[in-house]
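Everything below concerns the one structure shown next.
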Amino acid sequence: MDEYDKLTGLYTREAFCYHAEQRVKNNPEQKFDIVLSDFINFKHFNSRYGTEAGDWLLLKTGEMLSMDGNDAICGRYGADRFVSIVPHMDEAALSNLENFQLPEQAKDELPVFSIVVKFGVCADIDHNMPISVSCDRAYMAVQSVKHQYGRNLAVYDDDLGKAIHQELIIEENMKSALENNQFHVYYQPKMDISSETICGAEALVRWIHPTLGFMNPGIFIPLFEKNGFITSMDLFIWEQVCRDLSEWRDKGIALVPVSVNISRKDFNLHDLSDRIIHIVDWYHIDHSLFHLEVTESSYAENAEDIMKHINILHEAGFVIELDDFGSGYTSLSTLNDMNIDILKLDISLLQKDKPDSDRSVLNFAMQLARMMKLRTIQEGVETKEQLERLKALGCDCIQGYYYSKPLTKNQFEDFLTNRQLSSVL
Ligand code: C2E
Ligand code: CA
Ligand code: CA
């Protein structure tokens, strides 16, 4: 085992763990924290300014960190990560850490402004636990703020531990979930507001796992978007919707358009539009019966790819719904740039609406849609009052618990069979 890291002269990871363990053993009454630091954007920095500049920055930062806590033991934990064991920190010490600045000299010599150092802390470590476990916890803590702008420090706690544990379980199970048909499509009816008849439905995924139970998408979709699995799941869901539609058609049930959600990550698939067309054609589903819900946030992230695919799909007769309109990402120019047919108003517009005020954003959104010749759907309608308000504002369709929660395939089939249909979408 190497005792010292060649570049920084600090302890190697293994040597750090050994010396930290000794420190804890020799001071059984004292409280200690493990602090793990991680650079954000270090890779970009390295590729832009060269590894020599990168090494120099690491060296300087290592020097600073090891001098900082005067009673600290410091090591290099991995490529651009450092670890230290320090006497238990109070709030003031934590706040100092959060405001850690890169070496002054580095700022003079290199354009390091885009680099940020973030810290994860495992506080008051358990003396009976191996140091490596406390390091892992500090590492999980720093990972949890890695992508949060403006937050540079996180302290490990049980909630974070549980959240990470849940993520691990989800990641372990996601592939087999697909193989074992654990993802189910639920259908939430969309109602024509004037005739109160069904005019469509949104397909919403549910994960039913034999031991983890019933899971709503809020639990797993953000993680799938992070690890890229979302696209495999979405392809599965789109095909399942086509299979259900063709089954209902074969039973002679009159169909309404069903919309599916497209994640912003799905647009990374270079042949996304071809894939969608292929799936829908395979089941001989009329393109106009397959609506695509695209969020504005995805447009902001990936405008070029989205425009390309949306144009192809629109041209091929698919109906495009702009989802979550008004949720905070709204840029009105999206409406001009994107080939959309339907504006789907975010639930927050309805919840925050002030019907008695003459400055209603909801009213504005409805008028805007009319001017742009877009049909409107309001989601999250829960009460009769909301329904009446939307009627008065000229909204075309509503979706929400007032009429129906998302239904299983069989429940939705009954709904379709027993209700009159509207062709407003
Ligand atoms: P979303 O696309 O905005 O879907 C609407 C959400 O509002 C659904 O939550 C729905 O169950 C819920 N909702 C419906 N009516 C009401 C109501 O009256 N009041 C309230 N408070 N909520 C209502 P759900 O099913 O939990 O889905 C959450 C999000 O997960 C969806 O938001 C969508 O972004 C995503 N999602 C769901 N299924 C899929 C999928 O198959 N693929 C992808 N990529 N995303 C999906
Ligand atoms: Ca949606
Ligand atoms: Ca929505």
Legend entry - Mean Cα-pair separation over length for the chain, i.e. relative contact order, pairs under 8 Å, 6 or more apart, %: 13
Legend entry - 0 to 90° range, to nearest 10: angle between helix 13-26 axis and the chain longest Cα axis: 70
Inset, instruction - Pick out, in residue order, every one of the GluC sites (Glu not before Pro) in region 1-54 that is DSSP loop and has at most 15 other C-beta atoms within 10 Å; say none if there are none. - result: Glu3, Glu29
Inset, instruction - Output the Cα-based Rg and Dmax of region 262-331 in Å, rounding Rg to one decimal and Dmax to a whole number. - result: 12.1, 38
Legend entry - Cα long-axis angle, helix 131-145 against the chain (0 to 90 degrees, to the nearest 10): 40
Legend entry - Acute angle (nearest 10 degrees) that the helix 230-250 long axis makes with the longest principal axis of the chain, alpha-carbon atoms: 20
Inset, instruction - Compute the Kirkwood hydrodynamic radius of region 1-77, taking the inverse of the mean of 1/r over all pairs of distinct Cα atoms, and give it in Å to one decimal. - result: 13.8
Legend entry - Residues of region 226-268 with amide N under 17 Å of a point placed 7 Å along Cα→Cβ from Thr417: 244-256
Legend entry - the chain, helix-only ellipticity at 222 nm - DSSP H runs n ≥ 4, -39,500 (n - 2.57), divided by all residues, nearest 500: -14000 deg cm²/dmol
Inset, instruction - Quick one: of Lys146/Lys308; Lys162/Lys344; Lys146/Lys190; Lys251/Lys391; Lys352/Lys384; Lys118/Lys226, which pairs are farther than 28 Å apart, Cα to Cα? - result: Lys146/Lys308; Lys162/Lys344; Lys146/Lys190; Lys251/Lys391
Inset, instruction - Taking the Cα centre of the chain as origin, work out the dipole magnitude from +1 charges on Lys and Arg Cβ and -1 charges on Asp and Glu Cβ, in debye rounded to 20. - result: 680
Inset, instruction - Measure off 7 Å from each Cα along the Cα-to-Cβ vector at Phe236 and Ser331, then give the distance between these two points in nanometres to one decimal. - result: 3.4
Legend entry - Segment Asn26-Glu315, length gained on full extension (0.36 nm per residue, minus Cα span): 96.7 nm
Legend entry - HN-Hα J in Hz across region 274-288 - Karplus 6.51, -1.76, 1.60, θ = phi - 60°, x for Gly and Pro: 4, 4, 5, 4, 4, 4, 5, 5, 4, 9, 6, 8, 4, 4, 5
Legend entry - Calculated Rg and Dmax of region 191-337 using C-alpha coordinates, Å: 15.9, 47
Legend entry - DSSP bridge pairs, the chain: antiparallel proportion in percent, nearest 5: 55
Inset, instruction - With a 1.4 Å probe and every protein chain kept in, tell me what percent of the accessible surface of the chain is carbon plus sulfur. - result: 49
Legend entry - region 257-326 - accessible surface per residue (Å², probe 1.4 Å): 40
Legend entry - Sum of side-chain charges, Asp244 neighbourhood, beta-carbon under 12 Å (Lys, Arg +1; Asp, Glu -1): 0
Legend entry - Solution diffusion estimate, µm²/s, Stokes-Einstein, the chain, Kirkwood Rh from C-alpha pairs, 10 °C, viscosity 1.306 mPa s: 63
Legend entry - Listed residues Tyr156, Pro222, Val145: farthest to the positive end of the dipole of region 83-227 (Cβ charges): Pro222
Inset, instruction - Find me the longest stretch of the chain that has none of the exposed trypsin sites (Lys or Arg not before Pro), where exposed means in a DSSP loop (not H, G, I, E or B) with at most 10 other Cβ atoms within 10 Å. - result: 7-250
Inset, instruction - Counting other Cβ atoms within 10 Å, keep those with at most 14, restrict to DSSP loop, and tell me which chymotrypsin sites (Phe, Trp or Tyr not before Pro) in region 373-425 are left. - result: Tyr401
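The values are calculated or read from the model by the stated rules, or taken from the named source; none is laboratory data. Quick caveat, the model's predicted, so the values are computed rather than measured. Because the Cβ atoms are built from the backbone with ideal geometry, glycine has one as well, and the counts that use them run over all protein chains shown. Surface accessibility is based on the protein's heavy atoms, side chains included, excluding ligands, DNA and RNA. Shrake-Rupley method; radii C 1.70, N 1.55, O 1.52, S 1.80 Å.
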